[in-house]
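Just so it is clear, none of the values below were taken in a lab; they were calculated from the coordinates. All figures in this text were calculated on a predicted structure; none of them were measured in a lab. All Cβ positions, even for glycine, are placed from backbone atoms using ideal geometry, and neighbour counts span all protein chains on display.
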Amino acid sequence: MKLFEYRGKELLVKYEIAVPNGKLVKTEKDFSTLNFPLVLKAQVPIGGRGKAGGIKTVKNLKDAKENLSNILGMDIRGYKVGKVLAEEMADIKKELYLSITLDRSKRMPLIMASASGGMDIESVPDEEIFKEWVNPLIGIQPFNIRFITSKLKLDKEQSKEFSKVLSNLYKLFREYDCELVEINPLIVRGDGGIMALDSKVNINDDAMYRHQDIEPELVELTPLEQDAKEKGITFVQLGGNIGVIANGAGLTMATLDALTHFKGDGGVFLDLGGTDDPEKVKQAFELMKKAKPKVIFLNLFGGITKCDTVAKGVKEVITKEGIDCPVITRIKGCNETQAKEILKDAGLITGVTLQDAAQKSSDLAR
Amino acid sequence: MAVFADKNNKVLVQGATGHQGVFHISEMLDFGTNVVAGVTPGKAGQEVHGVPIFNTVQEGVDATGANTSLVLVPARFAKDAVFEALNAGIKTLVVITENIPFHDAMEFVHYGKYQDAIIIGPNCPGIASPGKAKIGILPGQIFKEGSVGVASRSGTLTYEIVNSLTEKGIGQSTCIGLGGDPIIGTTFIDALNAFEKDKETKSVVLVGEIGGTAEEEAAEYIKENISKPVFAFIAGRTAPSGKRMGHAGAIIARGKGTADSKIKAFEKAGVKLAKFPTDIADLIEK
């Protein structure tokens, strides 16, 4: 779960990492406790908001009011801005970059730091990014921190301050089960202090049960995706007009690929997972109907999930509620024969192989 | 021969008395797996399909000589279960559980290395060596004894591919479900290394998907170290960036982890790629 910048900063403060004096602003009154000049920042869970006009510097109240009303409600790459953070301008002497993320290959937390902060880290040359891996069993050690600080060309006092920040940031990363904590820029102020001007904190969804203090943020999901999540069904909305129901993430992806091969366009991705409950299948089909695809393609490989169990759920939806688009099925594996028997009078179109069914679906959706 | 799972595995099941445990103990016994013990705290003295249940892994190991554990416990207890098994001297672990926080997985994967144990998973269907043993939840009926080694990040897609091999009369030495999570204990490289050494395995099938760089690393490894023919299928060629495609690990992040990059890397390493999952069987036949 990606936290908004201001909530990420609340966590930074909890871990004794300084952030500018600031608050969420909605009306004129909210500015009374802040000292101009200020920076107004749209709170959206994606990058690139500066370029989209979501960050503005304001010198006085009049300026602030005008820009606030522009930013509130602004659409930034599909996200409507509902919250704006106002922060006092910081005295920037130096901009650094600092992040801790997950290195999937080494299976370790990876610290990345650079003296070239303030810009997109993707555009910083590799040799200017310093990397250090932490053994998850022993956690961050002083030698890890020394390695990073020695590369950043900081003076003695700054190094000491930076070391504290890094040590605390690792604590935050571990204690809040983060996938990513990123501060860009992390600044050295005129007075030598270190301060986080931005924050990206991304918490592992699977660990949310350990963090009841973090209120969930739902902005990343569409309403149908949210509905599916509550029902324990994996449901992803894409752009096209063919609804794909399959069991297993890999098989679902392979099905979408096959549709594309036959110039079809996958619109919704629904993964039944391993289920032996016809009721769940019924719910999945109902969700799919709400997404209004032109064609539904059911691709099933029965293993632990029995084909006839899924067939029963499908049959119930079709006979009781009806379905107003063509359904193409391709059923293979455990109890395949029984499943085909159950569905034989349901008016579905059958494909023998994945290719055959994908082609039929694509043709019908055109 | 086979890799990771054969007649020498004496299997203990953690989470043995739940719905899943009871069902899969029966399935594994049918496959010929030597299931010797089950563990569920507080349930010692019971039996599941004739398999004795113990309160702790240590008790199960002491009484039966179990050397392998199948972990079926819920996600929030999984780290503890894996640590318990490793401390009791278990050397092969198959972790089926999904939705384990990845910080937990990082810790037990590293502790496993420290204890010289093999950990397969988490979020995987397990491992099957036809004619020898199955440790996991893969459907037993799709396999056939033979010489193709399969390693995969996906469950159902593996079953689909294995089934199409079996239908064409092409048998398998061992099929390993590596798991769909970003942090897994056994990688493509570990599997390739084991298959290269295994006399029974004549060719290898890799089933990859978007997310991470495990396929690219495997491709590099194949160039230098693997003499047997390798075939591959990659799922997610048409997946959009930034969306998690069902598996926690299947996400294209910041332009990294695309199917294209994986396909190119494999092609460079001389790996033959299939367009559709069932084409793998045709490629091997040729």
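Here is the size of segment B:11-120 from its Cα atoms: Rg then Dmax, 12.8, 36 Å. Note that segment A:76-91 has calculated 3J(HN,Hα) couplings of 10, 6, x, 9, 7, 7, x, 9, 10, 9, 10, 10, 5, 5, 9, 8 Hz, one per residue in order, obtained from phi through the Karplus relation 6.51 cos²θ - 1.76 cosθ + 1.60 (θ = phi - 60°); glycine and proline are x. Averaging 1/r over every pair of different alpha carbons in segment B:79-181 and inverting the result gives a Kirkwood radius of 14.1 Å. Where a Cα-Cα gap under 16 Å defines reach, which lysines qualify for A:LYS306, not counting those fewer than 8 residues away within the same chain? The reachable lysines, counting only those whose Cα sits under 16 Å from A:LYS306, are A:LYS280, A:LYS282, A:LYS315, A:LYS332, A:LYS340. Each part gets one Cα centre, and for segment B:181-200 versus segment A:134-196 those centres are 36 Å apart. Which residue, B:ASN193, B:ASN163, B:ASN225, has the most motion in a Gaussian network model of chain B that connects Cα atoms within less than 10 Å? Most flexible of the set in this elastic network: B:ASN225.
Under 8 Å for C-alpha pairs, at least 6 residues apart: give me the relative contact order for segment A:223-365, rounded to a whole percent. Working shown, then result.
Working: 302 pairs, mean separation 36.6, N = 143.
Once normalised by length, the contact order is 26 percent.
With N counted as the residues of segment A:92-210, its alpha-carbon radius of gyration over 2.2 N^0.38 Å works out to 1.02. Counting neighbouring beta carbons within 10 Å and listing from fewest to most, the residues A:HIS211, B:HIS24, B:HIS19 come out as B:HIS19, A:HIS211, B:HIS24.
Dividing the Cα convex hull volume of segment B:139-285 by residue count, how many Å³ per residue is that?
Working: hull volume 14.2 nm³, N = 147.
For segment B:139-285, the hull spanned by Cα atoms encloses 97 Å³ per residue.
Shown here: the protein assembly as shown, whose C-alpha atoms stretch 76, 60, 52 Å along the first, second and third principal axes, sorted largest to smallest. Pairs with C-alpha atoms separated by more than 27 Å, drawn from the list B:LYS197/B:LYS286; A:LYS29/A:LYS94; A:LYS231/A:LYS292; A:LYS171/A:LYS229, are A:LYS29/A:LYS94; A:LYS171/A:LYS229. Shape analysis of segment A:300-365 places it in the oblate category; the axes a ≥ b ≥ c from the Cα gyration tensor give an a/c of at least 1.5, with a/b not above b/c. Footprinting exposure proxy ranking of A:LEU348, A:LEU259, fewest other C-beta atoms within 10 angstrom first, gives A:LEU348, A:LEU259.
For chain B, compute Rh as the Kirkwood radius over C-alpha pairs and then the Stokes-Einstein diffusion coefficient at 10 °C and 1.306 mPa s; write the answer in µm²/s, rounded to an integer.
Once the numbers are plugged in, D ends up at 84 µm²/s.
Annotation: peptides B:199-212, B:73-86, ranked by per-residue average of other Cβ atoms within 10 Å with the highest first, follow the order B:199-212, B:73-86. Computed from the Cβ-Cβ distance with R0 of 22 Å, the FRET efficiency linking A:ARG77 to A:LEU110 stands at 0.20. Given +1 at the Cβ of Lys and Arg, -1 at the Cβ of Asp and Glu and no other charges, the dipole of segment B:11-120 around its Cα centre is 100 debye to the nearest 20. Seen against the Cα atoms of chain B and their longest principal axis, helix B:259-268 is set at about 70 degrees.
Over segment B:11-120, what is the relative contact order in whole percent, taking alpha-carbon pairs under 8 Å and six or more residues apart? With pairs under 8 Å counted, the relative contact order is 23 percent.
Mind sorting B:GLU267, A:GLU127 by how few other Cβ atoms lie within 10 Å of their own Cβ, fewest first?
Numbers: B:GLU267 13, A:GLU127 7.
Ordered by Cβ neighbours within 10 Å, fewest first: A:GLU127, B:GLU267.
The lysines whose alpha-carbon is closer than 26 Å to the alpha-carbon of B:LYS43, local same-chain residues fewer than 8 away aside, are B:LYS10, B:LYS79, B:LYS91, B:LYS134.
In deg cm²/dmol and to the nearest 500, what is the mean residue ellipticity at 222 nm of chain A if only DSSP H runs of at least 4 residues count, each as -39500 (n - 2.57), divided by the residue total? Please list the in-between numbers first.
Values: 10 runs with 121 residues, N = 366.
So the helix-based figure for chain A works out to -10500 deg cm²/dmol.
So for chain A, what are the equivalent ellipsoid semi-axes in whole Å, largest first, each being the square root of 5 times an eigenvalue of the Cα gyration tensor?
Numbers: eigenvalues 489, 124, 59 Å².
That gives 49, 25, 17 Å for the three semi-axes.
The helix-only estimate of mean residue ellipticity at 222 nm for chain B, built from DSSP H runs of length n ≥ 4 each weighted as -39500 (n - 2.57), is -10500 deg cm²/dmol after division by the residue total. Between A:SER150 and A:GLU286, the distance separating the two model label sites (each 7 Å from Cα on the Cα→Cβ line) works out to 6.3 nm. The alpha-carbon of A:LYS23 sits under 13 angstrom from the alpha-carbons of these aspartates and glutamates, leaving out residues fewer than 8 places away in its chain: A:GLU5, A:GLU10, A:GLU87, A:GLU88. Looking at chain A as a GNM with Cα springs under 10 Å, which of A:ALA346, A:ALA284, A:ALA90 has the largest mean-square fluctuation? Between A:ALA346, A:ALA284, A:ALA90, it is A:ALA346 that shows the largest mean-square fluctuation.
Checking the a/c ratio against 1.5 first, then a/b against b/c, what shape does the Cα gyration tensor give for segment A:157-204?
Because a/c hits 1.5 or more and a/b fails to exceed b/c, segment A:157-204 counts as oblate.
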